[in-house]
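Below is one structure, written out as structure tokens; comments come after it.
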Amino acid sequence: MRRVVFTLVTGVVVCAWAGAQGPTPLSPADQVKLLKMNRILIGNLIDDSLALANAGNETERAVACRKTARSLANALKAAAHDEDADRVTELAELMARVMRDGLMPNLDAATRLVQPNSPQAAQLAEVKKSALGDLDDIAAAVPLDSKLAGNPKVQESLAGLAQIKSRIVP
């Protein structure tokens, strides 16, 4: 019995100590501001996720992943316009993850499975072209002479997107 009580008390103390180490919670005003800022992005990501879940083949999944990446690219461009380096970094990393873990595997699988002269091949080529365009838009949103481009975190996250771009063969 003592062991159980001691374990519970120790656990509560450790949890309280760990909780005190974290960042201070956001104020309700800050939470509302973030929700307003992310409202459109959240809606788009939900719609894109549903489209991805309903996709019947690799080409349709690639289309849905590309739309998700486009939603993130639009938010990233807005963050770049506001010169919010942390948000640009976060969105670029999310976009890279969607492209690396979602778009690229589906593009690779679809390229292997789709017949060269089929309608799906044309759709696949359009997805690749659009994905490259999305990445070009990101590069244009953060000009080399801007304050954002000098931020090491932004540079690293944009380099990750550039690496993905080099893997997309039109």
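The values are calculated or read from the model by the stated rules, or taken from the named source; none is laboratory data. Everything numeric in this text was worked out from a predicted model, so none of it was measured. Please note: Cβ atoms are built from the backbone with ideal geometry, for glycine as well, and neighbour counts cover all protein chains shown.
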Kindly establish whether Leu107 is buried (at least 22 other Cβ atoms within 10 Å of the Cβ), among the aliphatic types (A, V, I, L, M) and either closer than 30 Å to Asn151 by Cβ or out of contact with any His (no Cβ under 9 Å at 6 or more places or on another chain) (or both).
-> yes
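Here's the yes/no breakdown for (1) under 18 Å from Ile164 (Cβ atoms); (2) free of Cβ contacts under 8 Å to residues at least 24 places away in the same chain; (3) not basic (Lys, Arg):
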| position | (1), (2), (3) |
| --- | --- |
| Lys36 | no, yes, no |
| Gly43 | no, yes, yes |
| Ser49 | no, yes, yes |
| Ala85 | no, no, yes |
| Ala96 | yes, no, yes |
Using beta carbons and a limit of 6 Å, which pairs, at least six apart or on different chains, have the first residue in the stretch 98-115 and touching a residue at least 40 places away in the same chain (Cβ under 8 Å) and the second one among the hydroxyl-bearing types (Ser, Thr, Tyr) and buried (at least 19 other Cβ atoms within 10 Å of the Cβ)?
-> Ala110/Thr59
Helices (runs of 4 or more DSSP H) within the stretch 3-117 that include 2 or more residues of a type in the set (S, T, N, Q), modelled with pLDDT of 90 or more and within 18 Å of Ser157 (Cα to Cα) = 58-81
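Conditions (1) in contact with an Asp or Glu (Cβ under 6 Å, 6 or more places away or on another chain); (2) surrounded by 19 or more Cβ atoms within 10 Å (Cβ to Cβ), marked per residue:
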| residue | (1), (2) |
| --- | --- |
| Leu135 | no, yes |
| Val142 | no, yes |
| Gly150 | no, no |
| Val154 | no, yes |
| Ser157 | yes, yes |
| Lys165 | no, no |
Within the stretch 118-150, the residues that are in a helix (DSSP H, G or I) and of a type in the set (S, T, N, Q) are Gln120, Gln123, Ser130
